[in-house]
1. So what is the relative contact order for the chain, in percent, with contacts set as C-alpha pairs under 8 Å and at least six apart?
2. Identify the GluC sites (Glu not before Pro) of the stretch 1-98 meeting these criteria: DSSP loop state and at most 13 other C-beta atoms within 10 Å of the C-beta.
3. Pick from HIS21, HIS60, HIS99: which is most flexible by mean-square fluctuation in a GNM of the chain where alpha carbon atoms under 10 Å apart are linked?
4. Between LYS102 and VAL46, take the C-beta separation as r, use R0 = 22 Å, and let me know the FRET efficiency to the nearest 0.05.
5. Mind checking the full-extension length gain between ASP130 and THR61? Use 0.36 nm per residue of separation minus the Cα-Cα distance, one decimal, nm.
6. What net charge do the residues around ASN50 carry, taking every other residue with its C-beta under 12 Å from that of ASN50, with Lys and Arg at +1 and Asp and Glu at -1?
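Any read-out appearing in this document is the output of simple, stated calculations on the displayed coordinates, not a laboratory observation. Worth saying up front: this structure is predicted, and the values here are computed from it rather than measured. Every residue, glycine among them, receives a Cβ derived from its backbone with ideal geometry; neighbour counts consider all protein chains shown.
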Amino acid sequence: MNDYTTTNIEKHQTKDTDDGHINGELAVVWRDWDDIIKNYPKMVYVSSINPREIKGPHIHTKRTSHFVCIHGKVLFIVKNNDGTYSEIESSDEHPVLIHIPKNIASAHINLSTDTSRVLALADISWKPNDNEMINTIFDDYDWKKWI
């Protein structure tokens, strides 16, 4: 059983106000009435990841987070409570919102050749003296397939 959840992001084309041609798109990450995020975010931030670099693995002991890649391509690796690993890809082309509950170990790796950016929504805001993050090791995970 997975200890995380994913939500496909709703995307809409945007149109030029002058002649109506398609000029881009918007992706809906969160609306208060969607009932995707149970505890409203108290902190929103963007994290950048250099090409082929790994952030984590670590555990947040108090914070529950939702992540979506907004630029590039990122693979999220989640260690489930039963010891299995789940791999979830999120990218600017195929954005997926990933919910990582507190006390669940996770990491993410940039699969792009350029810097990737991840939007994070957290239910508890970070303070410099929190000490609520525990670094961990995924010693039985095959990192070589990505680096």
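1. 33 percent
2. Answer in residue order: GLU53, GLU93.
3. Comparing HIS21, HIS60, HIS99 in a Gaussian network model of the chain, the most mobile one is HIS21.
4. 0.55
5. Computed gain between ASP130 and THR61 is 23.8 nm.
6. Here the count lands on +1.
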